[in-house]
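Notes follow the structure.
The values are calculated or read from the model by the stated rules, or taken from the named source; none is laboratory data. As the structure is a computational prediction, the values presented were derived from the model and not from experiment. FYI the Cβ positions are ideal-geometry reconstructions off the backbone, even for glycines, and counts take in every protein chain you see. Keep in mind that these areas ignore ligands, DNA and RNA; they rest on the heavy atoms of the full protein, side chains included. Shrake-Rupley method; radii C 1.70, N 1.55, O 1.52, S 1.80 Å.
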Amino acid sequence: MKPARAAAATIGSSDKHAISSAVPAKPVTPAIQVSGLTKIFGLRQREGLDLLDAKTSRAEIQQRTGCVVGLENVNFSVRPGEILVVMGLSGSGKSTTLRCVNRLIDPTRGQVTVHGTDVTALSTKALRDFRRTGFGMVFQQFALFPHRTIVGNVEYGLEIQGMAPGLRRDKAMAAIEQVGLKGWAEARPSQLSGGMQQRAGLARALAADADILLMDEAFSALDPLIRRDMQGELVALQEKLKKTILFVTHDLDEAVALGGRIILMRDGRIVQEGRAIDFLLDPADDYVMRFVEHIDMFGIMTVEAAMMRTPCVMTADDPVAAMLARIDEGADEVVLSDQDGRYAGRLSAATIRAMRGTARVDVRGLATTDAILGSDTLGSALPRFSRDVRAVPVVDRSGKLLGQLTDTCIISAIAQQRRVGATRGAAGKL
Ligand SMILES: Nc1ncnc2c1ncn2[C@@H]1O[C@H](COP(=O)(O)OP(=O)(O)O)[C@@H](O)[C@H]1O
Ligand SMILES: [Mg+2]
């Protein structure tokens, strides 16, 4: 498996680009940790496992034992509050992975821990409780009871947990509101469109208050436009509720839209793990390459990954003479930040020259609305550029100045992607 590589390190790894300092992450217990997960389907699993260990091919194992290798030594972890997308073609092992996490399927080998609890070691009863309270599940088939109302469906899980009617109704109604189905609580599933039914399915998963959602091709049956809406809403909901989501899809566009880390599976193994941009700029092999060939780089590369350090940052307290000196050295403009490093506006060379003879700049009227967020995509930043605007300040959500995005940065990003494609393409022809 190819390790994840930060996009920022891939593009513009030279010093002039590297601006955001890496803060060492605090160790957190993963919401989900999957280690050495192997699943062999069939009656002669032991034999199949031995053959697998002896590096026998999947086809041969199947031929000799009738066993299907569903998963082979799968390892990954999901941080609390993260959306992790499991992607791959049909039959690559996505659903099996998901089902091993809540032990709807017993792994043949390996371990799954959920918030530190070893799921693989739970007794049947403990497992049942755990599954009920630990996870919300959303599948492609909405699986709503046709004779129950929407609220009746949503509260079903709570009902079988034995929750008091008033309380469970409150929880169900809150979940219904969260997914935008307010007013439909008393409707029957048949009165709802496919998209709305899937919202109800999501509400049912949310009502259980589980902090992990397992979603298997949850949006795959929906029309493309509705599907896109649902993806957007899921991301918004996730930001609000901070659920941990393991999301299975065979669709790259969907994986990209969800915006999180992706693990790409093939034949029961993980072939690459990372963000969409890592797959694009540094594909592990030709399979990954083919998967991402048609991806729109501008839709996935962040401004922060492509930007560079702002050459000339000063504060409003710096003397005009010092600013003039920088302009005379060739700077196009001076970017101002406050004492806390927050972006405070910028002054063009002409503006600074016009202030020659004064001691301090007049910052009244300086706008900071021209900045873009580092987390924005390159695509969304493009409209900010014009013949006259060739650099845009980049800030984080707190307004801190991160760097600047220039037209040159954008061209470098495109060139880098082309180079990866060309190198791979040439290698493939040998
Ligand atoms: N119950 C089962 N019995 C036998 N083989 C299975 C079973 N479930 C899944 N498989 C096989 O395991 C592999 C992975 O399946 P699955 O996880 O469903 O793939 P995906 O969800 O990526 O389409 C496939 O080859 C599939 O045929
Ligand atoms: Mg599946």
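Applying the criterion of being within 26 Å of Val292 (Cβ to Cβ) and loosely packed, with under 14 Cβ neighbours inside 10 Å to the residues of segment 381-406, the residue that is nearest to the chain's Cα centre (by Cα) is Leu382.
Restricting attention to segment 257-280, the residues that are modelled with pLDDT under 90 and either on the phi > 0 side of the Ramachandran plot or buried (at least 24 other Cβ atoms within 10 Å of the Cβ) (or both) total 6.
Listed by first and then second residue, the pairs linking a residue in segment 363-390 that is over 22 Å from Ala344 (Cβ atoms) to a residue that is surrounded by 10 or more Cβ atoms within 10 Å (Cβ to Cβ) and of a type outside the set (Phe, Trp, Tyr), with Cβ atoms under 6 Å apart and 6 or more places separating them unless they lie on different chains, are Thr377/Gly299; Leu378/Met301; Leu378/Ala306; Gly379/Gly299.
The test for being open to solvent by 50 Å² or more (accessible area, probe 1.4 Å), in the same structural domain as Asp318 (by TED's automatic domain parsing) and among the acidic types (Asp, Glu) holds for Asp362. The sole residue among Ala316, Ala276, Ala321, Ala257 that is under 15 Å from Val420 (Cβ atoms) and either more than 12 Å from the chain's Cα centre (by Cα) or not basic (Lys, Arg) (or both) is Ala276. Out of the residues in segment 291-329 that are in contact with a Lys or Arg (Cβ under 7 Å, 6 or more places away or on another chain) and under 22 Å from Asp376 (Cα atoms), state the one that is surrounded by the fewest Cβ atoms within 10 Å (Cβ to Cβ). Per the criteria, the residue is Arg309. Do we find that Ala221 is buried (at least 21 other Cβ atoms within 10 Å of the Cβ), in contact with a Gly (Cβ under 9 Å, 6 or more places away or on another chain), among the small types (Gly, Ala, Ser) and farther than 30 Å from Glu60 by Cβ in this structure? For Ala221, the condition - buried (at least 21 other Cβ atoms within 10 Å of the Cβ), in contact with a Gly (Cβ under 9 Å, 6 or more places away or on another chain), among the small types (Gly, Ala, Ser) and farther than 30 Å from Glu60 by Cβ - is not met. On inspection, Asp106 passes the criterion of being of a type in the set (Asp, Glu), surrounded by fewer than 17 Cβ atoms within 10 Å (Cβ to Cβ) and under 28 Å from Leu206 (Cα atoms).
Taking the numbered list (1) more than 30 Å from Phe130 (Cβ to Cβ); (2) more than 16 Å from ligand 1 (Cβ to nearest atom) in turn, Leu241 passes all entries but (1).
Might you check whether a residue that is in a loop (DSSP other than H, G, I, E, B), touching a residue at least 60 places away in the same chain (Cβ under 8 Å) and not assigned by TED's automatic domain parsing to the domain that holds Ile277 occurs anywhere in segment 316-329? No, because not a single residue in segment 316-329 is in a loop (DSSP other than H, G, I, E, B), touching a residue at least 60 places away in the same chain (Cβ under 8 Å) and not assigned by TED's automatic domain parsing to the domain that holds Ile277. Only residues that are surrounded by fewer than 20 Cβ atoms within 10 Å (Cβ to Cβ) and either acidic (Asp, Glu) or part of a strand (DSSP E or B) (or both) were counted across segment 330-343, and they come to 4. Restricting attention to segment 33-91 and to residues that are small (Gly, Ala, Ser) and away from ligand 1 (no atom under 13 Å from the Cβ), the residue that is farthest from Gly116 (Cα to Cα) turns out to be Ser57. Looking only at segment 87-97, decide whether some residue is open to solvent by 60 Å² or more (accessible area, probe 1.4 Å), more than 16 Å from ligand 2 (Cβ to nearest atom) and at pLDDT below 95. For segment 87-97, residues open to solvent by 60 Å² or more (accessible area, probe 1.4 Å), more than 16 Å from ligand 2 (Cβ to nearest atom) and at pLDDT below 95: absent. Here Gln272 fulfils each of the conditions (1) away from ligand 1 (no atom under 16 Å from the Cβ); (2) among the polar types (S, T, N, Q); (3) in a strand (DSSP E or B) apart from (1).
Considering Ile300, Ile277, the condition of being closer than 30 Å to Arg346 by Cβ and in the same structural domain as Ile40 (by TED's automatic domain parsing) is satisfied by Ile277 alone. Residues that are aromatic (Phe, Trp, Tyr) and in contact with an Asp or Glu (Cβ under 7 Å, 6 or more places away or on another chain) within segment 198-247 comprise just one, Phe219.
Before we move on, is Arg353 free of Cβ contacts under 8 Å to residues at least 12 places away in the same chain, out of contact with any strand residue (DSSP E or B) (no Cβ under 9 Å at 6 or more places or on another chain), open to solvent by 50 Å² or more (accessible area, probe 1.4 Å) and not hydrophobic (A, V, I, L, M, F, W, C)? The answer is no for Arg353. Pairs are defined by a Cβ separation below 6 Å, a sequence spacing of at least 6 or placement on different chains, a first member in segment 212-225 that is part of a loop (DSSP other than H, G, I, E, B), and a second member that is within 13 Å of ligand 1 (Cβ to nearest atom) and open to solvent by 60 Å² or more (accessible area, probe 1.4 Å); the pairs so defined are Glu217/Gln140; Ser220/Gln140; Ala221/Gln140.
Yes/no per residue for (1) crowded, with 18+ Cβ neighbours inside 10 Å; (2) hydroxyl-bearing (Ser, Thr, Tyr); (3) outside any helix (DSSP H, G or I):
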{"position": "Ala126", "(1), (2), (3)": "no, no, no"}
{"position": "Gly162", "(1), (2), (3)": "no, no, yes"}
{"position": "Ala172", "(1), (2), (3)": "yes, no, no"}
{"position": "Ile176", "(1), (2), (3)": "yes, no, no"}
{"position": "Leu181", "(1), (2), (3)": "yes, no, yes"}
{"position": "Ala187", "(1), (2), (3)": "no, no, yes"}
